[in-house]
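For reference, the structure discussed in these notes is given below.
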Amino acid sequence: MAPILLWLILVLCLLISVVKYLMGVIMRISFPSAKARKDYAYEPTVSVLMPCYNEGKTVYETIESISHSDYPNHKFEVIAQDDCSVDDSYEWMRKAQRDFTNIRVRTGRNEVNSGKARSVCNALQHSTAEVIISIDSDCIFHPGAIRELTACFAEPRIGSVGGRVGVRNPNDSIITAIQTVIYYSAFQLYKIPENWTRSVCCISGCLFAIRRELLLEIEPVIRSRHWFGIPVNQGEDRFLTHQTLLRGYGTYINNDALCWTTVPNTLPVLFKQQLRWRRSIVRDFFFTLRTLPQHIWKLHPNTVLTLVLTPVGALVGLLVVVTMLTADPLAWAGPAPLITALGIGAVLTWVIKKYSAQEAVAHPLAFGAYVAWSLVSSLFLTPLALCTMDSADWGTRSKKQQAKEQQEVPIGNVS
């Protein structure tokens with residue numbers, strides 16, 4: 001049996017997670033004050049920074065969705081920065097620059113492949129806007145997204161604002177249904193208590209708004225990040241959120257600012273995405289431990305608990321699983337865990353299907369499948385992340401996918 005101390009830590013971490021979900025439900029119903037004070041009359045200039053690597057035609061669709069925003073056209077622009085894509089992404093950017101004349105679209109290319117974080121910094125050099133919105137190149141905007149994000153900056157202490165990320169392909173497979181459940185519950189429940197204290201610990205890089213002066217202050221730290229001397233170009237969303245909090249600003253998720261992203265629909269691509277995310281979590285965890293006194297004195301207790309106990313729970317959970325399987329492989333045998341997981345999944349997927357028409361999940365057992373996926377993947381993701389922290393992998397697109405897309409959309413047909 002796993003040592004009792006490991007079990008106690010794991011139970012504590014899981015309990016805090018459950019409590020956060022319950023608090024999210026209660027606060028959504030009973031505490032409207034958890035929401036930020038919005039001022040829709042506030043209309044600062046905005047630059048939407050869109051770094052890109054091997055996204056093909058998707059970059060065109062993203063810029064097209066931004067061009068339909070209900071924000072004043074003369075007050076926002078799109079700055080698309082290509083990171084030496086090997087497909088036709090840059091040509092699609094240039095086509096968008098020609099086609100969408102109602103907004104200003106500027107395109108550029110990095111001299112060398114630099115990663116998303118540094119691509120954002122390179123695009124920032126071409127902006128003079130008051131608010132910067134960093135996005136993923138496959139992100140489809142709701143027309144009101146920009147207005148919803150900027151309205152939250154009416155609260156002077158808010159430094160960064162995120163939107164709610166939905167799933168464009170919820171029913172491609174059970175894998176996408178799983179992710180739809182997780183995305184929905186994370187934004188609609190789990191982050192609500194963090195919103196209350198203006199201490200969201202990770203704003204998604206799909207839709208991340210930040211005050212310009214704050215990003216300029218953080219930019220040198222982004223460019224100089226390293227892991228034992230090896231430059232880091234990943235995890236800029238979690239890192240930016242963390243740096244915002246350490247500088248005394250609040251962070252917030254506005255669930256009325258909507259965007260949709262295409263999630264992985266195969267296990268290999270999902271595994272690659274989750275591994276990249278796990279590296280970001282582990283790296284951020286070590287940074288938190290290294291500067292823990294600074295966190296304790298500067299940040300809200302809610303923030304410190306999330307930053308420390310969430311990754312600790314993942315690491316301890318790994319140790320518990322390994323210990324149990326080593327000592328007693330049949331310790332988890334029995335129907336109770338499966339029935340519990342599937343029961344929770346049935347309830348959650350029904351709620352999403354009833355209250356979220358954009359992302360109705362057809363499969364009733366999606367969350368239960370996610371629990372099974374989490375148990376299996378955790379055995380590999382955390383140790384693999386620890387062993388590959390120096391990876392410079394940009395995203396989840398394979399060489400085969402790139403070659404296939406080049407064949408399907410010849411460059412000559414873009415213009």
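Just one of the numbered conditions (1) closer than 19 Å to Leu149 by Cβ; (2) out of contact with any Gly (no Cβ under 9 Å at 6 or more places or on another chain) is not true of Tyr60: (1).
Checked against (1) closer than 27 Å to Glu213 by Cα; (2) open to solvent by 80 Å² or more (accessible area, probe 1.4 Å); (3) modelled with pLDDT of 90 or more, Arg37 passes all but a single condition, namely (3). In the stretch 116-172, which residues are free of Cβ contacts under 8 Å to residues at least 40 places away in the same chain and not polar (S, T, N, Q)? Across the stretch 116-172, the qualifying residue is only Pro156.
Could you tell me whether Ile222 is of a type in the set (Val, Ile, Thr) and open to solvent by 30 Å² or more (accessible area, probe 1.4 Å)? Answer is no for this residue.
Residues of the stretch 183-219 that are in a helix (DSSP H, G or I), open to solvent by less than 10 Å² (accessible area, probe 1.4 Å) and over 22 Å from Thr288 (Cα atoms): Ser185 alone. Restricting to the stretch 96-121, and then to whatever is charged (D, E, K, R) and either in a strand (DSSP E or B) or in contact with a Ser or Thr (Cβ under 6 Å, 6 or more places away or on another chain) (or both), can you tell me which residue is farthest from Tyr60 (Cα to Cα)? Out of the qualifying residues, it is Arg109. A single member of Ile66, Ile79 is among the β-branched types (Val, Ile, Thr) and in contact (Cβ under 8 Å) with a residue 60 or more places away in the chain, and it is Ile66.
Which condition number in (1) in a loop (DSSP other than H, G, I, E, B); (2) open to solvent by 10 Å² or more (accessible area, probe 1.4 Å) is the one that Glu64 fails? All conditions pass for Glu64, except number (1). Out of curiosity, is Gly115 within 19 Å of Asp256 (Cβ to Cβ), at pLDDT below 90 and under 20 Å from the mean Cα position of the chain (by Cα)? For Gly115, the condition - within 19 Å of Asp256 (Cβ to Cβ), at pLDDT below 90 and under 20 Å from the mean Cα position of the chain (by Cα) - is not met. A single entry from Ser119, Ser114 fulfils the requirement of being closer than 15 Å to Tyr53 by Cα and surrounded by 24 or more Cβ atoms within 10 Å (Cβ to Cβ): Ser119.
Quick grid of which residues meet (1) modelled with pLDDT under 85; (2) within 25 Å of the chain's Cα centre (by Cα); (3) over 28 Å from Arg168 (Cα atoms):
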position: Leu289; (1), (2), (3): yes, yes, yes
position: Pro293; (1), (2), (3): yes, no, yes
position: Asn302; (1), (2), (3): yes, yes, yes
position: Thr306; (1), (2), (3): yes, yes, yes
position: Ile344; (1), (2), (3): yes, yes, no
position: Val351; (1), (2), (3): yes, yes, no
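Comparison of Thr244, Thr180, Thr251 shows that the only residue that is in contact with a Pro (Cβ under 9 Å, 6 or more places away or on another chain) and either part of a loop (DSSP other than H, G, I, E, B) or farther than 25 Å from Pro383 by Cα (or both) is Thr180. Scanning for something closer than 23 Å to Met389 by Cβ and touching a strand residue (DSSP E or B) at 6+ places or on another chain (Cβ under 6 Å), does the stretch 194-205 turn up at least one residue? Yes, the stretch 194-205 contains a residue that is closer than 23 Å to Met389 by Cβ and touching a strand residue (DSSP E or B) at 6+ places or on another chain (Cβ under 6 Å).
The values are calculated or read from the model by the stated rules, or taken from the named source; none is laboratory data. For clarity, every value in this text was computed on a predicted model and none was experimentally measured. Glycine also receives a Cβ, built like all others from the backbone with ideal geometry; neighbour counts cover every protein chain displayed. These area figures cover heavy atoms from the full protein model, side chains too; ligands, DNA and RNA do not enter into them. Shrake-Rupley method; radii C 1.70, N 1.55, O 1.52, S 1.80 Å.
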